[in-house]
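Written out below as structure tokens is the structure these notes cover.
Derivation of every value follows stated rules applied to the coordinates shown; laboratory data play no part. Remember, it's a predicted structure, so these values are computed and weren't measured experimentally. Heads up, the Cβs are rebuilt from the backbone with ideal geometry, glycines too, and the neighbour counts pull from every protein chain shown.
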Amino acid sequence: VLLCVCLNPAVDVTYRLPGPLAPGGSHRIASVREQPGGKAINVARVLRGLGEPARVLAPVTGRNGETVRAGLVAEGFDGADLVDVVDVPEAAGPGGTRRTVTVVAGAGEATVLNEPGPVLGEGGVSAVLERFEALLGGGTITLVVLAGSLPPGVPVEVYATLVRIAHRYGVETFVDAEGPPLRAVLAARPALVKPNLAELEATLGRRLDGPVEIAAAALGLRSEGAGEVVVSCGRDGLVAVTGAGVWRAAGPAVTGNPTGAGDALHAALARGAVRGQDWPDRLRDGVAVSAAAVAAPVAGEVDPELAGRLRGSVRLEPLDLSVPTMEEVTRAAGADR
Ligand SMILES: Nc1ncnc2c1ncn2[C@@H]1O[C@H](COP(=O)(O)OP(=O)(O)OP(=O)(O)O)[C@@H](O)[C@H]1O
Ligand SMILES: [Mg+2]
């Protein structure tokens, strides 16, 4: 069973408006949808949709925490994995666990409002770590997935701590993070990190132009401790730096809702790992499943049949990262004239 740890879960509320969103205006809502959210929860949902058993470990609190719990249980997750935390200051908002509100206007463009979420605090963090160890001690966890931002009050090293605990139980970890938590997790040697291009650029503080520069930056993350690195590049697909080779892969561009495409990619890569697929297969699945996620109206509701159809048109090519010799550079410059 894959264990998806969601430190910053949310109740995702989606309002659909029949017409455009006007700042300062009053709007009638055409439909309301509410479901548990947060990146690791989205990954777990996609995994289940693909037929891969997954559990969710998340700290929840208050009325919204109960909504997350009920939603997950209704989807078939085990409510017992949710850790109740009480260490929540008033500033977090009246409902406890955060909400995100997405307003989808007539033309389909989305406006997102993110509540900051409750402060997890030292007590909350140790409650999560304790439950994490208990789950790993059960001996059924095949891979840990860490994904998403950290709630306020949590040290940036928490992902590194979780990776180290998992290692003690002989379990590998995949991480989707950015900035300081991404930097800090590398030293703990996670099996894989999956930033998107903008996150990688922000983490490194420089622009990356083209697949070769992206792959070179990914190699840098490997030298800092990441086992393998997959950089997702939106509709341009992905660049993967692995022990078995360096590739770029892309599928057909799909129109739809790209939110959560990265979570779908993460889920497909995690499934490929526990199933022991070779890297080209994992990457083809990743691109196909994430493209299918873009086509799906709701994050995490990937249609496996659509993913199967898209898989045939995924282009995968090895990337040559060898530095060109001076002679090659001169020859290339001469050929331009
Ligand atoms: N418009 C699109 N058409 C086809 N495939 C797409 C499109 N957008 C994204 N993808 C696929 O989804 C993968 C992940 O997308 P992206 O890089 O946007 O992730 P992300 O920014 O981490 O997303 P999120 O964090 O919202 O889940 C890409 O590597 C690509 O394979
Ligand atoms: Mg992402």
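Between the helical axis of 326-336 and the longest alpha-carbon principal axis of the chain there is an angle of about 90 degrees.
For the stretch 94-184, the residue among 153, 182, 102 whose Cα projects farthest onto the positive side of the dipole built from Cβ charges is 153.
Taking the Cα centre of the chain as origin and assigning +1 to Lys and Arg Cβ atoms and -1 to Asp and Glu Cβ atoms, the resulting dipole is close to 420 debye. In terms of its C-alpha gyration tensor, the stretch 6-154 has an oblate overall shape, because the principal axis ratio a/c (a ≥ b ≥ c, square roots of the eigenvalues) is not below 1.5 and a/b does not outweigh b/c.
Annotation: the residues 322, 232, 31, sorted from fewest to most other C-beta atoms within 10 Å of their own C-beta, follow the order 322, 31, 232. For the peptides 19-29, 149-159, 191-201, residues were scored by their other Cβ atoms within 10 Å and the scores averaged per peptide; the highest-first order is 191-201, 149-159, 19-29. Beta-bridge orientation, the chain: approximately 50 percent antiparallel, per DSSP, counting only bridges with both partners inside.
Only helices enter this figure: runs of n ≥ 4 DSSP H residues, each worth -39500 (n - 2.57), summed and divided by the residues of the chain, yield -12500 deg cm²/dmol at 222 nm to the nearest 500.
Please work out whether the stretch 192-337 counts as rounded, prolate or oblate from its C-alpha gyration tensor, where a ≥ b ≥ c are the square roots of the eigenvalues and a/c under 1.5 means rounded, while otherwise a/b larger than b/c means prolate and anything else oblate?
Here the stretch 192-337 falls in the prolate category.
The long axis of helix 261-274 is offset from the longest Cα principal axis of the chain by roughly 80 degrees.
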